[in-house]
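Single-structure report; data block below.
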Amino acid sequence: MMKRRASRASRDLARQRFRGLLQHIILVFFSLIALFPILLILMNSFKLKKYIFAAPFALPNAKTFSLIGYDTVLQRSNLIVNFGNSIIVTVASLFLILLFGSMAAFALSGYKFRGNAFLGFYLSIGIMIPIRLGTVSLLKLMASLELVNTLTGLILIYIAQGLPLTIFILTSFMSQIPDELKDAGRIDGASEYRIYALVLPLVRPALGAIGIFTMIPIWNDLWFPLIVAPSAKTATITLGVQQFLGQYVSDWNAVLSALVLAMVPVLLLYLIFSRQMIRSVTAGAIKA
């Protein structure tokens, strides 16, 4: 009997190890798929143009190494202006999305009133409807408000784009917070704004995840900057890269170098907030 139990335990342990090894192999495989384009762009940004196409998968060496792409980007483009515009638009949009979205989620999860569920559903419809379908109407609206070729117009569009998902996720997280905690604050004389400030740190993992999922589409967006703010003064980094792409001739060294520089802020912010995103996903799985 003891031998059977020992053999079963050893078989179960072997199965668990095999499953763990298989899971790690699958994760490494998909990680390599995700990282491969980034590494390919990074390697080829340090090569001469003819070697980008002759040996795209080879690492740069003494013969192929060149910084001409970065020199071109720094000298012939408004890189600093483009970076500044992207940072202003991304940070301002993200801050206002999290602020307004968390306030709306706090009200929807904490106040029970007639039409609460309908209002929450109405605010979440934007998740299912791509905002680009309303490009013509948005352009007319921005023109009527005299916000064409302004960063304010881009920020307003991105706020409208990011609020539905933010409200949907934060409402789910805030509804898990006990009402007794809020009622205790009200008994102590705290205002609703003070209670909101106390509740906000409890959903920090959700805020971090939303920040990542919202920041990347805004930073990488080309559609609305090209339509709403295409001027040189308001061009974002993604739009600025397009100046090196032509119908007949393209400066691929400059394009790849600009893409590498554009990826750096996104990668840094992802590394900073990745732990919050993992906590959010884990908390959501446990609640489910």
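The numbers here are math on the coordinates, done by the rules we state, and not lab data. Values in this document were obtained by computation on a predicted structure and should not be read as measured data. With ideal geometry, Cβ positions are generated from the backbone for all residues, glycine too; neighbour counts draw on all protein chains shown.
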Check your understanding: To the nearest Å, what is the center-to-center distance of the range 186-247 and the range 1-79, using C-alpha atoms only?
Key -> 28
Point to revise | Phe36-Leu96 pseudo-label distance in nm [points 7 Å out on the Cα-to-Cβ vector] | key: 4.0
Revision key, fill the gap. Contour minus Cα-Cα span, Glu146 to Arg17, at 0.36 nm per residue, comes to 40.2 nm
Check your understanding: Which whole-number percentage describes the relative contact order of the chain, with Cα contacts under 8 Å and a sequence gap of 6 or more?
Key -> 27
Review point. Which number gives the lysine pairs in the chain that have C-alpha atoms under 18 Å apart and are eight or more places apart or on different chains?
Key: 4
Check your understanding: Counting Lys and Arg as +1 and Asp and Glu as -1, each charge on the Cβ, what is the dipole of the range 120-257 about the Cα centre in debye, to the nearest 20?
Key -> 220
Point to revise | Exposed-site-free run, longest, the chain (rule: trypsin sites (Lys or Arg not before Pro); DSSP loop; at most 10 other C-beta within 10 Å) | key: 115-288
Study note, to complete from the structure: Taking Thr214, Thr150 and counting other beta carbon atoms within 10 angstrom, the fewest-first order is Thr150, Thr214
Exercise for review: Using R₀ = 30 Å, calculate the FRET efficiency as 1/(1 + (r/R₀)^6) where r is the Cβ-Cβ separation of Glu192 and Ala160; round to 0.05.
Suggested key: 0.75
Study note, to complete from the structure: In Å, the C-alpha Rg and Dmax of the chain are 24.7, 84
Review point. Quick one: length gained pulling Gln75 to Gln242 fully straight, 0.36 nm per residue minus the C-alpha distance?
Key: 58.6 nm
**Study point:** the chain: calculated mean residue ellipticity at 222 nm from DSSP helix runs of at least 4, using -39500 (n - 2.57)
**Key:** -25000 deg cm²/dmol
Review point. Hey, got the dipole for the chain? About the Cα centre, +1 on K and R Cβ, -1 on D and E Cβ, debye to the nearest 20?
Key: 1560
